[in-house]
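Chemist: One structure follows; several queries about it will come next.
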Amino acid sequence: MARPHPTNAVLVGKKPIMNYVLAALRMLSHEGLDEVVIKARGANIYRAVEAAERVKRSMANVKIKTVNIYSEEVSDKKGNRRRVSSIEIVFKKTPFEERVKR
């Protein structure tokens, strides 16, 4: 069963990777969110990983909190059910004190 996505999620598809990087950076910096989730399924997982690495390199005050991998059962256009691999990469802003300790 597909998991519902939160409002702080960046759903990765077939667009250029920088679109997802900019979306995550915008959520973290301009929208004031403390956590952002980058999600992808199937063949788009590599885009999510690359976007996550670029976000991590772009902001010193952000670290990866968790990485969840799982498989979901989805239906295709013909009604056939199949399992698809999925990934969720959760970013969290770090307090200034934690950044100084590094």
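Chemist: Taking 0.36 nm per intervening residue step and subtracting the Cα-Cα distance, what contour gain separates Asn68 from Arg83 on full extension? Please list the in-between numbers first.
Modeler: Values: separation 15, 0.36 × 15 = 5.40 nm, distance 1.62 nm.
Length gained between Asn68 and Arg83: 3.8 nm.
Chemist: Pop a pseudo-label 7 angstrom from the Cα along the beta-carbon direction at both Met18 and His30 and give the gap in nm to one decimal.
Modeler: 1.6
Chemist: For segment 22-97, which trypsin sites (Lys or Arg not before Pro) are both in a DSSP coil and crowded by at most 13 other Cβ atoms within 10 Å? Don't skip to the answer; put the middle values down first.
Modeler: On the way: sites: Arg26, Lys39, Arg41, Arg47, Arg54, Lys56, Arg57, Lys63, Lys65, Lys77, Lys78, Arg81, Arg82, Arg83, Lys92, Lys93; in loops: Lys77, Lys78.
Sites meeting the loop and neighbour criteria: Lys77, Lys78.
Chemist: Give me the percent relative contact order of the chain, please, defined on Cα pairs under 8 angstrom at least 6 residues apart. Let's see the in-between values first.
Modeler: Details: 161 pairs, mean separation 29.9, N = 102.
Rounded, it is 29 percent for the chain.
Each value in this text was obtained by applying a stated rule to the coordinates, not by laboratory testing. Please read all numbers here as calculations on a predicted model, not as lab measurements. For neighbour counting, all protein chains shown are included, and Cβ atoms are generated from backbone atoms with ideal geometry for every residue, glycine included.
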